[in-house]
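In what follows, a structure is listed as C-alpha coordinates, so that the remarks can point back to it.
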Amino acid sequence: MILKEFIRQLEAEIPSAIQESYDNTGLQVGNINAEVSKALICMDITYEVLEEALTQSCDLIISHHPLLFHSIKRIDASRNPGKLIHFAVKNDISIYSLHTSIDKYEFGVSYALAERLNLLEIRVLQPEKSLLKKLVTFCPTAQSASLRNALFNAGAGHIGNYDSCSFNIEGKGTFRALEGTNPYVGKPGELHTEDESRIEVIFPEWKKESLLKALLANHPYEEVAYDIYPLENNLENTGLGAIGNLKTSIEAKDFILKIQKEFNKNPLRFNKYSGKISRVAVCGGSGASLLEHAISAGADAFISADIKYHDFQAASERILMIDAGHYETEIQVLHLIKELISEKIPTFASLISETDTNFVRYSK
Ligand SMILES: [Zn+2]
(Lines give C-alpha, C1' and ligand atoms only; values in the text may rest on other atoms or scores of the structure.)
Protein backbone atom coordinates (compact mmCIF):
# COMPACT_ATOMS: atom_id res chain seq x y z
CA MET A 1 0.00 0.00 0.00
CA ILE A 2 1.19 3.54 -0.73
CA LEU A 3 1.92 5.41 2.52
CA LYS A 4 -0.29 8.32 1.47
CA GLU A 5 -3.27 5.95 1.20
CA PHE A 6 -2.48 4.33 4.55
CA ILE A 7 -2.39 7.76 6.20
CA ARG A 8 -5.64 8.77 4.49
CA GLN A 9 -7.42 5.71 5.86
CA LEU A 10 -5.92 6.10 9.34
CA GLU A 11 -6.79 9.80 9.51
CA ALA A 12 -10.36 9.11 8.36
CA GLU A 13 -10.71 7.52 11.81
CA ILE A 14 -8.23 9.61 13.85
CA PRO A 15 -8.18 13.06 12.20
CA SER A 16 -4.94 15.00 12.60
CA ALA A 17 -7.11 18.15 12.68
CA ILE A 18 -8.01 17.42 16.33
CA GLN A 19 -4.40 17.57 17.56
CA GLU A 20 -3.39 20.32 19.99
CA SER A 21 -2.12 23.50 18.31
CA TYR A 22 1.40 23.06 19.78
CA ASP A 23 1.71 19.50 18.55
CA ASN A 24 3.40 17.93 15.54
CA THR A 25 1.51 14.74 14.73
CA GLY A 26 1.53 13.02 11.34
CA LEU A 27 4.38 11.98 9.07
CA GLN A 28 7.76 12.61 10.74
CA VAL A 29 10.11 10.90 8.31
CA GLY A 30 9.48 9.20 4.97
CA ASN A 31 8.08 9.53 1.48
CA ILE A 32 4.27 9.61 1.20
CA ASN A 33 4.55 7.94 -2.21
CA ALA A 34 6.60 5.02 -0.86
CA GLU A 35 5.18 1.51 -0.70
CA VAL A 36 4.67 0.31 2.89
CA SER A 37 3.55 -3.12 4.04
CA LYS A 38 4.06 -3.62 7.78
CA ALA A 39 3.88 -1.31 10.78
CA LEU A 40 5.58 -1.46 14.16
CA ILE A 41 3.49 0.30 16.81
CA CYS A 42 5.41 1.89 19.69
CA MET A 43 5.36 4.61 22.34
CA ASP A 44 8.63 6.40 21.51
CA ILE A 45 11.20 6.35 18.73
CA THR A 46 14.51 5.08 20.08
CA TYR A 47 17.46 3.42 18.38
CA GLU A 48 16.33 0.04 19.78
CA VAL A 49 12.85 0.52 18.30
CA LEU A 50 14.33 1.31 14.88
CA GLU A 51 16.48 -1.82 15.07
CA GLU A 52 13.40 -3.82 16.09
CA ALA A 53 11.56 -2.47 13.02
CA LEU A 54 14.43 -3.60 10.84
CA THR A 55 14.55 -7.07 12.42
CA GLN A 56 10.78 -7.45 12.05
CA SER A 57 10.83 -6.20 8.41
CA CYS A 58 8.62 -3.24 9.27
CA ASP A 59 8.89 -0.34 6.82
CA LEU A 60 6.59 1.89 8.86
CA ILE A 61 6.68 2.87 12.53
CA ILE A 62 3.61 4.34 14.17
CA SER A 63 4.64 6.01 17.40
CA HIS A 64 2.55 7.68 20.05
CA HIS A 65 5.04 10.43 20.91
CA PRO A 66 6.35 12.36 17.88
CA LEU A 67 10.00 11.96 16.91
CA LEU A 68 10.08 15.64 15.90
CA PHE A 69 8.43 17.88 18.45
CA HIS A 70 10.71 20.90 18.57
CA SER A 71 12.01 22.26 15.27
CA ILE A 72 15.57 21.26 14.35
CA LYS A 73 18.10 23.12 12.21
CA ARG A 74 20.47 20.30 11.28
CA ILE A 75 20.40 16.54 10.99
CA ASP A 76 23.51 15.57 12.92
CA ALA A 77 23.80 11.79 12.60
CA SER A 78 26.03 11.58 15.69
CA ARG A 79 23.24 12.49 18.15
CA ASN A 80 19.47 12.31 18.54
CA PRO A 81 17.17 13.08 16.88
CA GLY A 82 19.51 13.34 13.82
CA LYS A 83 20.89 9.87 14.51
CA LEU A 84 17.37 8.38 14.50
CA ILE A 85 16.33 10.28 11.36
CA HIS A 86 19.51 9.19 9.60
CA PHE A 87 18.94 5.53 10.53
CA ALA A 88 15.29 5.64 9.40
CA VAL A 89 16.10 7.26 6.04
CA LYS A 90 19.04 4.91 5.40
CA ASN A 91 16.83 1.88 6.01
CA ASP A 92 13.70 3.15 4.21
CA ILE A 93 11.64 3.24 7.41
CA SER A 94 8.84 5.80 7.50
CA ILE A 95 7.71 7.25 10.83
CA TYR A 96 4.22 8.50 11.62
CA SER A 97 3.11 9.83 15.03
CA LEU A 98 -0.35 10.15 16.55
CA HIS A 99 0.19 11.93 19.91
CA THR A 100 -2.58 14.42 20.79
CA SER A 101 -4.75 13.24 17.89
CA ILE A 102 -5.11 9.90 19.63
CA ASP A 103 -5.19 11.60 23.05
CA LYS A 104 -8.40 13.30 21.90
CA TYR A 105 -9.81 10.48 19.81
CA GLU A 106 -12.89 8.92 21.44
CA PHE A 107 -11.33 5.46 21.63
CA GLY A 108 -7.79 6.70 22.24
CA VAL A 109 -5.29 6.98 25.09
CA SER A 110 -7.65 7.76 27.98
CA TYR A 111 -10.34 5.39 26.74
CA ALA A 112 -7.76 2.59 26.71
CA LEU A 113 -6.77 3.48 30.28
CA ALA A 114 -10.42 3.60 31.42
CA GLU A 115 -11.00 0.19 29.82
CA ARG A 116 -7.94 -1.23 31.58
CA LEU A 117 -9.53 -0.14 34.87
CA ASN A 118 -12.84 -1.78 33.82
CA LEU A 119 -14.74 1.49 34.08
CA LEU A 120 -18.34 1.43 32.86
CA GLU A 121 -20.24 4.06 30.84
CA ILE A 122 -17.00 5.67 29.62
CA ARG A 123 -17.31 9.24 28.28
CA VAL A 124 -14.84 11.93 27.19
CA LEU A 125 -13.88 14.04 30.23
CA GLN A 126 -13.26 17.37 28.50
CA PRO A 127 -15.12 17.48 25.17
CA GLU A 128 -13.65 19.77 22.52
CA LYS A 129 -15.25 23.14 21.88
CA SER A 130 -15.33 25.00 18.55
CA LEU A 131 -14.85 21.94 16.35
CA LEU A 132 -18.49 21.75 15.31
CA LYS A 133 -19.91 23.80 12.44
CA LYS A 134 -23.31 24.14 10.86
CA LEU A 135 -23.98 24.05 7.14
CA VAL A 136 -27.16 25.66 5.84
CA THR A 137 -28.09 25.35 2.20
CA PHE A 138 -31.10 26.07 0.02
CA CYS A 139 -32.19 23.57 -2.61
CA PRO A 140 -35.22 22.99 -4.88
CA THR A 141 -37.64 20.95 -2.74
CA ALA A 142 -37.80 18.17 -5.32
CA GLN A 143 -34.03 17.58 -5.00
CA SER A 144 -33.72 18.12 -1.25
CA ALA A 145 -33.90 14.43 -0.22
CA SER A 146 -31.05 13.33 -2.48
CA LEU A 147 -28.92 16.33 -1.50
CA ARG A 148 -29.55 15.65 2.19
CA ASN A 149 -28.42 12.04 1.75
CA ALA A 150 -25.26 13.16 -0.05
CA LEU A 151 -24.47 15.47 2.90
CA PHE A 152 -25.04 12.62 5.38
CA ASN A 153 -22.78 10.34 3.33
CA ALA A 154 -20.06 13.01 3.43
CA GLY A 155 -20.11 12.96 7.26
CA ALA A 156 -22.70 15.57 8.26
CA GLY A 157 -25.59 15.06 10.67
CA HIS A 158 -24.06 13.04 13.52
CA ILE A 159 -25.34 13.92 17.01
CA GLY A 160 -24.29 11.46 19.75
CA ASN A 161 -25.45 8.00 18.71
CA TYR A 162 -27.75 9.36 16.00
CA ASP A 163 -26.93 9.89 12.37
CA SER A 164 -28.90 11.49 9.51
CA CYS A 165 -29.82 14.47 11.76
CA SER A 166 -31.03 17.57 9.91
CA PHE A 167 -33.57 20.35 10.15
CA ASN A 168 -35.62 21.26 7.05
CA ILE A 169 -38.12 23.96 6.27
CA GLU A 170 -39.93 24.87 3.06
CA GLY A 171 -39.85 28.37 1.61
CA LYS A 172 -39.54 30.43 -1.55
CA GLY A 173 -36.21 31.24 -3.13
CA THR A 174 -35.85 34.04 -5.69
CA PHE A 175 -33.15 34.78 -8.23
CA ARG A 176 -32.58 36.35 -11.63
CA ALA A 177 -30.05 34.70 -13.93
CA LEU A 178 -27.82 37.26 -15.63
CA GLU A 179 -26.01 37.17 -18.95
CA GLY A 180 -23.83 34.14 -19.59
CA THR A 181 -25.65 31.86 -17.16
CA ASN A 182 -27.32 28.53 -17.75
CA PRO A 183 -29.93 28.31 -14.96
CA TYR A 184 -31.31 24.96 -13.83
CA VAL A 185 -34.77 26.58 -13.55
CA GLY A 186 -36.07 29.97 -14.73
CA LYS A 187 -35.06 32.00 -17.75
CA PRO A 188 -32.09 34.38 -18.07
CA GLY A 189 -33.12 37.98 -17.44
CA GLU A 190 -36.36 37.06 -15.60
CA LEU A 191 -36.98 37.10 -11.86
CA HIS A 192 -37.73 33.52 -10.82
CA THR A 193 -39.39 32.17 -7.67
CA GLU A 194 -38.74 28.53 -6.75
CA ASP A 195 -40.08 26.23 -4.03
CA GLU A 196 -36.95 25.52 -2.00
CA SER A 197 -35.96 23.67 1.16
CA ARG A 198 -33.61 25.12 3.73
CA ILE A 199 -31.46 22.21 4.96
CA GLU A 200 -29.42 22.52 8.18
CA VAL A 201 -26.82 19.96 9.22
CA ILE A 202 -23.94 19.97 11.69
CA PHE A 203 -20.50 18.59 10.92
CA PRO A 204 -17.02 18.41 12.48
CA GLU A 205 -14.69 21.06 11.08
CA TRP A 206 -12.25 18.58 9.48
CA LYS A 207 -14.99 17.26 7.19
CA LYS A 208 -15.62 20.69 5.66
CA GLU A 209 -13.74 20.05 2.43
CA SER A 210 -15.41 16.72 1.63
CA LEU A 211 -18.80 18.10 2.67
CA LEU A 212 -18.53 21.12 0.34
CA LYS A 213 -17.40 18.81 -2.45
CA ALA A 214 -20.51 16.67 -1.90
CA LEU A 215 -22.72 19.79 -1.71
CA LEU A 216 -21.46 21.22 -4.99
CA ALA A 217 -21.55 17.84 -6.77
CA ASN A 218 -25.12 17.04 -5.72
CA HIS A 219 -26.85 20.45 -5.80
CA PRO A 220 -28.61 21.11 -9.10
CA TYR A 221 -27.95 24.87 -9.23
CA GLU A 222 -25.10 26.49 -11.14
CA GLU A 223 -24.43 28.77 -8.17
CA VAL A 224 -25.01 27.09 -4.84
CA ALA A 225 -26.13 29.26 -1.91
CA TYR A 226 -24.86 28.05 1.46
CA ASP A 227 -23.77 29.39 4.85
CA ILE A 228 -21.33 27.91 7.35
CA TYR A 229 -21.75 28.88 11.00
CA PRO A 230 -19.28 28.31 13.85
CA LEU A 231 -20.93 26.60 16.84
CA GLU A 232 -20.20 26.81 20.56
CA ASN A 233 -21.45 23.25 21.17
CA ASN A 234 -19.12 20.62 22.56
CA LEU A 235 -18.04 17.82 20.28
CA GLU A 236 -18.94 15.24 22.93
CA ASN A 237 -17.03 12.27 21.54
CA THR A 238 -13.72 14.11 21.04
CA GLY A 239 -11.43 15.55 23.69
CA LEU A 240 -8.98 14.91 26.49
CA GLY A 241 -9.46 12.46 29.35
CA ALA A 242 -12.20 9.96 30.08
CA ILE A 243 -14.61 9.35 32.93
CA GLY A 244 -16.60 6.31 33.97
CA ASN A 245 -17.94 4.35 36.92
CA LEU A 246 -16.64 1.43 38.91
CA LYS A 247 -18.95 -1.57 39.03
CA THR A 248 -19.12 -1.22 42.81
CA SER A 249 -17.76 1.58 44.96
CA ILE A 250 -14.73 0.88 47.15
CA GLU A 251 -12.85 2.62 49.94
CA ALA A 252 -10.10 5.03 48.79
CA LYS A 253 -7.38 2.95 50.50
CA ASP A 254 -8.50 -0.20 48.64
CA PHE A 255 -8.65 1.70 45.35
CA ILE A 256 -5.07 2.90 45.88
CA LEU A 257 -3.92 -0.70 46.44
CA LYS A 258 -5.78 -1.80 43.33
CA ILE A 259 -4.03 0.84 41.18
CA GLN A 260 -0.67 0.06 42.74
CA LYS A 261 -1.10 -3.60 41.84
CA GLU A 262 -2.47 -2.89 38.36
CA PHE A 263 0.46 -0.67 37.39
CA ASN A 264 3.03 -2.49 39.50
CA LYS A 265 4.13 0.84 40.96
CA ASN A 266 5.83 1.19 44.27
CA PRO A 267 5.81 3.83 45.56
CA LEU A 268 2.62 5.25 44.10
CA ARG A 269 2.08 9.01 44.53
CA PHE A 270 -1.35 10.26 45.65
CA ASN A 271 -2.93 12.88 47.91
CA LYS A 272 -4.82 12.78 51.20
CA TYR A 273 -8.41 11.73 50.61
CA SER A 274 -10.90 9.77 52.65
CA GLY A 275 -14.15 8.42 51.33
CA LYS A 276 -15.46 5.98 48.81
CA ILE A 277 -14.55 5.79 45.14
CA SER A 278 -17.25 5.04 42.60
CA ARG A 279 -16.69 7.53 39.76
CA VAL A 280 -13.22 7.70 38.22
CA ALA A 281 -11.68 10.19 35.79
CA VAL A 282 -8.48 9.38 33.91
CA CYS A 283 -6.12 11.15 31.55
CA GLY A 284 -3.22 9.20 30.08
CA GLY A 285 0.05 11.18 30.19
CA SER A 286 0.40 14.69 31.64
CA GLY A 287 -3.20 15.46 32.55
CA ALA A 288 -3.01 17.42 35.80
CA SER A 289 -4.61 20.44 34.09
CA LEU A 290 -7.86 18.44 33.92
CA LEU A 291 -8.16 18.26 37.72
CA GLU A 292 -11.03 20.77 37.98
CA HIS A 293 -12.87 19.07 35.10
CA ALA A 294 -12.59 15.76 36.94
CA ILE A 295 -14.00 17.33 40.13
CA SER A 296 -16.86 19.11 38.38
CA ALA A 297 -17.72 15.92 36.46
CA GLY A 298 -18.30 14.26 39.85
CA ALA A 299 -15.22 12.02 39.92
CA ASP A 300 -14.08 10.68 43.29
CA ALA A 301 -10.67 9.74 41.88
CA PHE A 302 -8.50 11.08 39.06
CA ILE A 303 -5.66 9.05 37.61
CA SER A 304 -3.05 10.75 35.46
CA ALA A 305 0.71 11.39 35.43
CA ASP A 306 3.45 14.04 35.85
CA ILE A 307 1.50 15.44 38.79
CA LYS A 308 3.29 18.18 40.74
CA TYR A 309 3.33 18.85 44.49
CA HIS A 310 0.90 21.77 44.25
CA ASP A 311 -1.49 19.77 42.04
CA PHE A 312 -1.76 17.29 44.93
CA GLN A 313 -2.32 20.25 47.26
CA ALA A 314 -5.20 21.51 45.06
CA ALA A 315 -6.75 18.04 45.09
CA SER A 316 -6.40 17.49 48.83
CA GLU A 317 -9.61 16.14 50.40
CA ARG A 318 -11.56 17.12 47.25
CA ILE A 319 -10.65 14.16 45.06
CA LEU A 320 -8.17 11.28 45.17
CA MET A 321 -5.49 12.16 42.62
CA ILE A 322 -3.08 9.39 41.67
CA ASP A 323 0.10 9.63 39.60
CA ALA A 324 0.37 6.25 37.90
CA GLY A 325 3.22 7.22 35.54
CA HIS A 326 3.31 8.78 32.09
CA TYR A 327 4.35 5.67 30.16
CA GLU A 328 2.13 3.39 32.25
CA THR A 329 -1.03 5.45 31.68
CA GLU A 330 -0.46 5.61 27.92
CA ILE A 331 1.02 2.25 26.92
CA GLN A 332 -2.31 0.39 26.56
CA VAL A 333 -3.30 2.59 23.62
CA LEU A 334 -0.89 0.61 21.42
CA HIS A 335 -3.36 -2.30 21.47
CA LEU A 336 -6.17 0.00 20.38
CA ILE A 337 -4.05 1.28 17.46
CA LYS A 338 -3.35 -2.30 16.38
CA GLU A 339 -7.04 -3.24 16.65
CA LEU A 340 -8.02 -0.16 14.68
CA ILE A 341 -5.59 -0.97 11.84
CA SER A 342 -6.82 -4.59 11.75
CA GLU A 343 -10.42 -3.41 11.55
CA LYS A 344 -10.13 -0.44 9.17
CA ILE A 345 -7.17 -1.50 7.01
CA PRO A 346 -7.38 -5.31 7.31
CA THR A 347 -4.87 -6.05 4.57
CA PHE A 348 -2.12 -4.17 6.43
CA ALA A 349 0.14 -6.08 8.83
CA SER A 350 1.04 -4.51 12.17
CA LEU A 351 2.65 -5.55 15.42
CA ILE A 352 3.28 -3.97 18.79
CA SER A 353 6.85 -3.16 19.76
CA GLU A 354 8.36 -5.25 22.54
CA THR A 355 10.92 -2.58 23.41
CA ASP A 356 10.39 -0.96 26.82
CA THR A 357 10.94 2.73 26.06
CA ASN A 358 9.92 4.04 29.47
CA PHE A 359 12.50 6.75 30.18
CA VAL A 360 11.60 6.71 33.89
CA ARG A 361 13.01 3.96 36.10
CA TYR A 362 11.91 3.12 39.66
CA SER A 363 13.98 1.73 42.50
CA LYS A 364 12.55 -1.42 44.07
ZN1 LIG B 1 2.67 11.19 26.50
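Data for the structure
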read-out: Qualifying residue in segment 342-359 (condition: more than 27 Å from residue 40 (Cα to Cα), of a type in the set (Gly, Ala, Ser) and within 26 Å of the chain's Cα centre (by Cα)); value: no
read-out: Any hit, segment 39-57, residues being modelled with pLDDT of 95 or more, assigned by TED's automatic domain parsing to the domain that holds residue 336, under 29 Å from residue 235 (Cβ atoms) and among the polar types (S, T, N, Q); value: no
read-out: Top-ranked residue in segment 158-181 [being in contact (Cβ under 8 Å) with a residue 12 or more places away in the chain and aliphatic (A, V, I, L, M); ranked as surrounded by the fewest Cβ atoms within 10 Å (Cβ to Cβ)]; value: 169
read-out: Close pairs (8 angstrom Cβ cut-off, 6 or more residues apart or separate chains): over 19 Å from residue 52 (Cα atoms) in segment 64-92, away from the ligand (no atom under 16 Å from the Cβ) and of a type in the set (Gly, Ala, Ser) anywhere; value: 72/82; 74/82; 75/82; 76/82
read-out: Which numbered condition residue 79 fails, given (1) closer than 25 Å to residue 355 by Cα; (2) loosely packed, with under 14 Cβ neighbours inside 10 Å; (3) at pLDDT 95 or above; value: (3)
read-out: Test: residue in segment 52-73 that is over 20 Å from residue 355 (Cβ atoms), over 21 Å from the mean Cα position of the chain (by Cα) and outside any loop (DSSP other than H, G, I, E, B); value: no
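Results for (1) under 24 Å from residue 209 (Cα atoms); (2) buried (at least 18 other Cβ atoms within 10 Å of the Cβ); (3) modelled with pLDDT under 95; (4) not β-branched (Val, Ile, Thr), shown as yes or no for each residue.
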residue	(1), (2), (3), (4)
110	no, yes, no, yes
117	no, yes, no, yes
124	no, yes, no, no
133	yes, yes, no, yes
143	yes, no, no, yes
149	yes, no, no, yes
156	yes, yes, no, yes
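The values are calculated or read from the model by the stated rules, or taken from the named source; none is laboratory data. In this text, all values refer to a predicted model and were calculated from it rather than measured experimentally. Note: ideal-geometry Cβ built from the backbone for every residue, glycine included; neighbour counts use all protein chains shown.
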